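Presented below is the structure to which this report refers.
The values are calculated or read from the model by the stated rules, or taken from the named source; none is laboratory data. Small disclaimer: the values here were computed from a predicted structure and weren't measured. Backbone-built Cβ (ideal geometry, glycine too); neighbour counts: all protein chains shown. Heavy atoms of the whole protein, side chains included, go into the accessibility calculation; ligands, DNA and RNA do not. Shrake-Rupley method; radii C 1.70, N 1.55, O 1.52, S 1.80 Å.
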Amino acid sequence: MLATSYISSQNSYIVDANVNTQSTSDFNNNESSIKIAINSNINKKTAITNNLAYEYDTFVYKQAEVNHFSEMNSLNRIAYNFEVEHAINAKTKFILNANPVAGFQSNLNISDVIILGGIAVNHTFNVKNNLTIGLQRNTYFGSTEITPTVSFHHQVNSSLSYDLGFPATKLNYSNNTRNLFRFTSFITGSSYSFDKATYINDLNSDSRIEFSTLSSAIEFERNVDSNWYLKLQAGYDVNTKFEALDKNKNTLSEFNNSQGYKLSLGIKYKL
């Protein structure tokens, strides 16, 4: 991370750790994650962000027979995101990000890494409104695809703002400088190599697990002091895609259309 980051005197550092639990009709999922971000202003026109995240998921299946999923009770994901924002003029800026991601079961190999990322343009209309339009190579729907993205931001007043678009829509409300309430609805997805797949002939080293879901959540964030924040989130996931695929993209097993509640507790340090 440090090799690609220019550290200036105008930096901000964020460490964000979360513990999530989810229960659906087909499985229970527990997730632990930690993210480290360094934001740096190179000059008045250019800023960069280095972001490194790690997630660990464990699963308990409720069905008597889960076929290929019986071998998949844990997943790991390491993601690095390097983003550059450059102001073209006073109202328009160009955004470029590169996002290598490795999703795997237990053994990390170079073949597990997929390169994601994209480009976007942000235009500010006035002090209350701005629009971001872009293209991302991502795994919003489980598989790796190039997808258009859009986000319209409106600042209603000093306490209330919203962002409308894809893959996320947000409503933010702050009743004072220490409390933030947020409602979000977003599509998220990920892809993992199936490195225990040799136990059955139908699977091989090219097999993958693909996951995506539509999630809605209410979040409360409390600024405990000038650096520490506590977060509590409660949400509900629907339209879940959870599939094991062979090298030809044939579906071997699936837990599609699962839905269930999700709870999250987190702590964030910002300097």
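List of remarks:
- Using C-alpha pairs below 8 Å separated by at least 6 residues, the relative contact order for the chain is 15 percent.
- Using the Cβ-Cβ distance between Phe183 and Tyr13 with R0 set to 45 Å, the FRET efficiency works out to roughly 0.95.
- Each label point was placed 7 Å from the Cα along the Cα-to-Cβ direction; for Asn227 and His123 their separation is 4.2 nm.
- Ranking by accessible area, most exposed first, for Leu245, Leu164 with a 1.4 Å probe: Leu164, Leu245
- DSSP-assigned coil residues among trypsin sites (Lys or Arg not before Pro) in the range 145-191, each with at most 12 further Cβ atoms within 10 Å: Arg178
- Distance (nanometres) between label positions extended 7 Å along Cα→Cβ at Ile36 and Ala234: 3.4 nm
- A simple count of charges around Gln136, restricted to other residues whose Cβ falls under 15 Å of its Cβ and scoring Lys, Arg +1 and Asp, Glu -1, yields -1.
- Per-residue SASA entry for His123, accessible area with 1.4 Å probe, Å² rounded to 10: 60 Å²
- Here the chain exposes an accessible surface that is 57 percent carbon and sulfur, computed with a 1.4 Å probe and the other protein chains kept in place.
- For the range 116-130, the residues whose amide N sits under 15 Å from a probe point set 7 Å from the Cα of Leu96 along the beta carbon direction are 117-122.
- In this structure, the pairs whose alpha-carbon distance is over 21 Å, taken from Lys45/Lys268; Lys170/Lys231; Lys35/Lys268; Lys62/Lys247, are Lys45/Lys268; Lys62/Lys247.
- Where the chain is the region considered: accessible area per residue in Å², 1.4 Å probe: 54 Å²
- Efficiency of FRET from Cβ geometry, Leu214 and Asn89, R₀ 30 Å, rounded to 0.05: 0.25
- Counted residue by residue at 0.36 nm each, then reduced by the alpha carbon distance between them, the extension gain from Ala168 to Arg137 reaches 9.6 nm.
- Dipole of the chain, positive direction: furthest Cα of Ile110, Ser216, Leu96, with charges on the beta-carbon: Leu96
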